[in-house]
Amino acid sequence: MFRFRAVLLVCAAALFCALAGAAQSSSAEKSQGGPDKNANVIKVGITVMKNTAVRSVPVTLERDRLVSAINQTKPPKHSKNSAKIQAVALDSSSPNAANAQARDLGCDYVVFTNLTDLRESGDPAPPPRPGEVRIGRDPVANDPSVFNRHEVQRYAVMEFQLFRLDDPTPRFDTSASAHEATTEDGIVSILMDRVASRVVGEIRSNNTRSPME
């Protein structure tokens, strides 16, 4: 009888340790940004913005603005797809490094952005890229002078792609442009809002099943 009770105590202690270890492991995974097991959350990794334009803006700040813009976008009313779209910041613009980190964070999608043009009134047009065909007049070169308008017009172009993780074919590969009287940072932020809208719309329209299935 004594031996039977001792065996029960040992088994109970082992079960307690196993449960405690599993709970601790789950807690550690969440604290380290591990995969989110909530099937109602679609995670999108946002890479550091590349900047191939002639003018500079803080690339990590613009990445963070895109993360914020996506996270603040609410699903449309009466939408059949009520999944939450959660954007997380990635530390690189390199596809290999970004995809590896996105996988570690449990992301379902990855977004890449590249600021290809950022100019203001009076700036000359950049030389055409290989294979580029230009049609029409340059938007900045035809701006009235600052003396006549009393404000600086700025023009920017953002190329961006959305990939499902581990799928080499993008869900879309497109660009957006803006021409406004605002700051350099302001016009890039306008484009990031447009990128966020397109990313969220694409994911909602194409996500027909739970990302964790």
Going through the stretch 160-189 in order, the residues found to be under 25 Å from V140 (Cα atoms), out of contact with any helix residue (DSSP H, G or I) (no Cβ under 7 Å at 6 or more places or on another chain), open to solvent by 50 Å² or more (accessible area, probe 1.4 Å) and not in a loop (DSSP other than H, G, I, E, B) are D173, S175, S177, H179
Anything in the stretch 79-105 that is at pLDDT 95 or above, surrounded by fewer than 20 Cβ atoms within 10 Å (Cβ to Cβ) and in a loop (DSSP other than H, G, I, E, B)? List them, or say none.
D91, S92, S93, S94, L105
Six or more apart or on different chains, Cβ under 8 Å: which pairs go from a residue in the stretch 102-118 that's within 26 Å of D185 (Cβ to Cβ) to one that's open to solvent by less than 10 Å² (accessible area, probe 1.4 Å) and assigned to a loop (DSSP other than H, G, I, E, B)? Could you list them?
V110/T47; V110/L90; V111/T47; F112/T47; T113/T47; T113/M49; N114/M49; L115/M49
Out of the residues in the stretch 49-64 that are buried (at least 19 other Cβ atoms within 10 Å of the Cβ) and in a helix (DSSP H, G or I), state the one that is nearest to the chain's Cα centre (by Cα).
R63
Taking the stretch 138-157 and keeping residues out of contact with any Phe, Trp or Tyr (no Cβ under 8 Å at 6 or more places or on another chain) and modelled with pLDDT of 70 or more leaves D138, E151, V152, Q153, R154, Y155, A156, V157
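Could you pull out the residue among A98, A53, A125 that is aliphatic (A, V, I, L, M) and either in contact with a helix residue (DSSP H, G or I) (Cβ under 8 Å, 6 or more places away or on another chain) or more than 21 Å from I187 (Cβ to Cβ) (or both)?
A98
The values are calculated or read from the model by the stated rules, or taken from the named source; none is laboratory data. Since we're looking at a predicted model, the values are computed, not measured. Don't worry about glycine lacking a Cβ; one is built from the backbone with ideal geometry, like all the others, and counts go over all protein chains shown. Protein only, heavy atoms only, side chains kept; ligands, DNA and RNA dropped before computing areas. Shrake-Rupley method; radii C 1.70, N 1.55, O 1.52, S 1.80 Å.
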